[in-house]
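Visitor: Let me begin by handing over the structure; questions about it come next.
What follows is calculated from the coordinates using simple rules that are stated; it is not laboratory data. Since we're looking at a predicted model, the values are computed, not measured. When we count neighbours, we look across all protein chains shown, and the Cβ atoms used for this are built from the backbone with ideal geometry, even at glycine.
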Amino acid sequence: MFGLKGKKVLVTGSTRGIGLEIAKKFHENDCLVGINGRNNSEVDSVVKSFDSDKVINCSGDLESLKEVDSVVGKFINGFQEIDILICNVGSGSSAKPGDEKQEDWDKMLSVNLFSATRIVEAAKKYLIRSKGSIICISSICGIEVVPGAPVAYSSAKAALNLFVKTSSRPLGSLGVRINAIAPGNIIFEDSVWDKKIKKDKESVNKLLNEEVPLQDFGSPQDVANLATFLSSPLASNITGEVMITDGGQTRS
């Protein structure tokens, strides 16, 4: 359906949640997939769960400059080329609004912005060769003010969105597309929203009913479906975009 058979896809931060679901979706579409995470044994466990020679271990910490090159090297050693790069490493765990310290800014920029810019730079020559596609997983917190969302996290995601927009021209001239996906409230086992529901289900339902027109959470599958489409020939004229999947929550 998507015309992705045989494409070689590196998915960062893919041992759980959104990243894992994206990896599964590409594998279902007969792609060759690299699984990434900081913990090598955890990555190994996920790779074995696929029971497929089309999935390989590309473990490494993308907050480390040395390990970024190693991650790309593992993928190239396994599959020789990169057609699609999914930048999914990220975290929203930070200080409450107004309580930010320098270490919060450093951490949020490192994990939510630089983890993407580093891997894009390391993989760029291969993506140019394949006329490939890059997808960065962002957040609606980088698009508009979401009450209660950490300021440092939101700012880092806003920077990631601008990185995608401004990079689309120079990369486009080299035949490489780059887009972002901005999810809203995504729920999966042990996610932030899963924990919030277990703690205070009534308040969470109130938020969904008042702030989200579809009155429900999104799922990792929703993000994976969009990532698959944006990476495919069906989206060959789309670049520099930040695509939202949030049940209608954003208002800007």
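Visitor: Given a Förster radius of 30 Å and the C-beta distance between S130 and K66 as r, what FRET efficiency does 1/(1 + (r/R0)^6) yield to the nearest 0.05?
Guide: Working: r = 25 Å, r/R0 = 0.83.
Result of the calculation: an efficiency of 0.75.
Visitor: Right, another one. With a 10 Å Cβ neighbour count serving as the proxy for reagent exposure, in which order, fewest first, do K195, K24, K54, K157 appear? Mind dumping the intermediate values first?
Guide: Details: K195 10, K24 20, K54 16, K157 27.
Placing the least packed residue first, the sequence is K195, K54, K24, K157.
Visitor: 5 Å is the cut-off here: which amide hydrogens, built 1.01 Å from N in the peptide plane, fall below it relative to I143, excluding neighbours closer than 5 in sequence?
Guide: none
Visitor: Enter the angle in degrees (range 0 to 90, nearest 10) between the Cα long axis of helix 65-79 and the first principal axis of the Cα atoms of the chain, meaning the one along which they spread out most.
Guide: 50 degrees
Visitor: Against the globular-protein guess of 2.2 N^0.38 Å, express the Cα radius of gyration of segment 191-252 as a ratio, rounded to two decimals.
Guide: Values: Rg = 14.8 Å, N = 62, 2.2 N^0.38 = 10.6 Å.
It is 1.40.
Visitor: Could you sort 158-170, 2-14 so that the peptide with the highest average Cβ count within 10 Å comes first and the rest follow in order? Before the final figure, lay out each step's value.
Guide: Numbers: 158-170: 17.7, 2-14: 22.2.
Ranking the peptides 158-170, 2-14 by packing returns 2-14, 158-170.
Visitor: Now a separate question. Using a cut-off of 27 Å between alpha-carbon atoms, which lysines can reach K124, once sequence neighbours fewer than 8 places away in the same chain are excluded?
Guide: K124 reaches K5, K7, K8, K24, K25, K54, K66, K74, K107, K157, K165.
Visitor: Same structure again: What's the extension gain from N225 to E144 if we count 0.36 nm per residue and subtract their Cα-Cα distance?
Guide: Numbers: separation 81, 0.36 × 81 = 29.16 nm, distance 2.36 nm.
Length difference between fully extended and current span is 26.8 nm.
Visitor: Which value at 222 nm does the chain reach when only helices count, each DSSP H run of 4 or more adding -39,500 (n - 2.57), with the total divided by all residues and rounded to the nearest 500 deg cm²/dmol?
Guide: Working: 8 runs with 116 residues, N = 252.
For the chain, the value works out to -15000 deg cm²/dmol.
Visitor: Once you have the Cα-Cα distance between N77 and I238, take 0.36 nm times their residue separation minus that, and quote the gain in nm to one decimal.
Guide: Details: separation 161, 0.36 × 161 = 57.96 nm, distance 2.99 nm.
Net length gain for the segment: 55.0 nm.
Visitor: If you count, for each residue, the other Cβ atoms within 10 Å and average over each peptide, how do 91-98, 242-249 line up from highest to lowest? Let's see the in-between values first.
Guide: On the way: 91-98: 14.5, 242-249: 18.4.
Sorting 91-98, 242-249 by mean packing, highest first, produces 242-249, 91-98.
Visitor: Step through the residues of segment 83-94 one at a time and calculate ³J(HN,Hα) from phi using the Karplus curve (6.51 cos²θ - 1.76 cosθ + 1.60, θ = phi - 60°), rounding each to whole Hz and writing x for Gly and Pro.
Guide: 9, 9, 10, 10, 9, 10, 4, x, 7, x, 7, 8
Visitor: Computed from the mean reciprocal separation of all distinct C-alpha pairs, what Kirkwood hydrodynamic radius does segment 138-252 have, in Å? Walk me through the numbers on the way to the answer.
Guide: On the way: mean 1/r = 0.0654 Å⁻¹.
One decimal place: 15.3 Å for the Kirkwood radius.
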